[in-house]
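Bear in mind that the values in this text are calculations on the coordinates, not laboratory data. Keep in mind that what you see is a predicted model, and the values were worked out from it rather than measured. Positions of Cβ are backbone-derived with ideal geometry, glycine not excepted, and every protein chain shown enters the neighbour counts.
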Amino acid sequence: MRINIARIGLLAITSLCSLMPISTMAQKGQTSVGLRGGFTTRNTTASAGLYLSYRFSEHFRMSPKIDYAFRHNGTDAFSFNFDTEMPIALNAEKNVNFYPIAGLNYSTFSTHFQITDNDESVDSSERTNHFGLNLGAGIEYFATPTLRLALESKCLLMKQFTGGWFNISIGYVF
């Protein structure tokens, strides 16, 4: 009776792999969609938005986002982001991830004025559009295989309108 080392090695590797936790948290093709809410330092106001993310591999995903900064001090804004995120698992179950963020941004700012002419008040607005860059980081937690919670902070770098965005999000993973 001859002992085949290759078969014993293959059996050992297969046994070890079956004991490892199976993670559905980092699958290629994983998509999530959800709601965001937070704060922007640009005009010190609340923000709300939507996000979509698609994972191309375990450590790379694209995440387009749209945010609205509510009017404060006469200024509000829409922010369209096309971010790349590189999730890094912080635990063996891969349900807690840290992710750096880098991306492109297009924002449109509306500045509202009250013009008084001959005792008549008129609301006027001026819109400015800018391109910028996003740099930041986030942390996410998969409470269940279909529920994603996240906290992220990023800096929007653009001429004359640089500011920080801090958001929490909740999303559905499918």
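Between Phe131 and Glu93, what is the label-to-label distance in nm when each label sits 7 Å out along the Cα-to-Cβ direction? Taking the two extended label points, one gets 4.4 nm.
Straight-line cross-link partners of Lys159 among the lysines, defined as a Cα under 23 Å from its Cα and at least 8 positions apart when in the same chain: Lys65. Using 1/(1 + (r/R0)^6) with R0 = 22 angstrom and r between the beta carbons of Thr31 and Ser57, what's the FRET efficiency to the nearest 0.05? According to the calculation, E is roughly 0.95.
Centre-to-centre, using Cα atoms only, the range 63-88 and the range 119-150 are separated by 2 Å.
The label-point distance for Thr144 and Lys159, in a model that sets each label 7 Å from Cα toward Cβ, rounds to 4.9 nm.
If you add up the charges near Leu135, with Lys and Arg at +1 and Asp and Glu at -1, over every other residue whose beta carbon is less than 13 angstrom from its beta carbon, what do you get? Before the final figure, lay out each step's value.
Numbers: positive: Lys154; negative: Asp83, Glu85, Glu152.
With Lys, Arg at +1 and Asp, Glu at -1, the neighbours total -2.
With the simple spin-label model, which puts each label point 7 Å out from Cα in the Cβ direction, the Ile168 to Phe113 separation comes to 3.9 nm.
Considering the range 32-174 at the alpha-carbon level, its Rg and Dmax are found to be 17.5, 70 Å.
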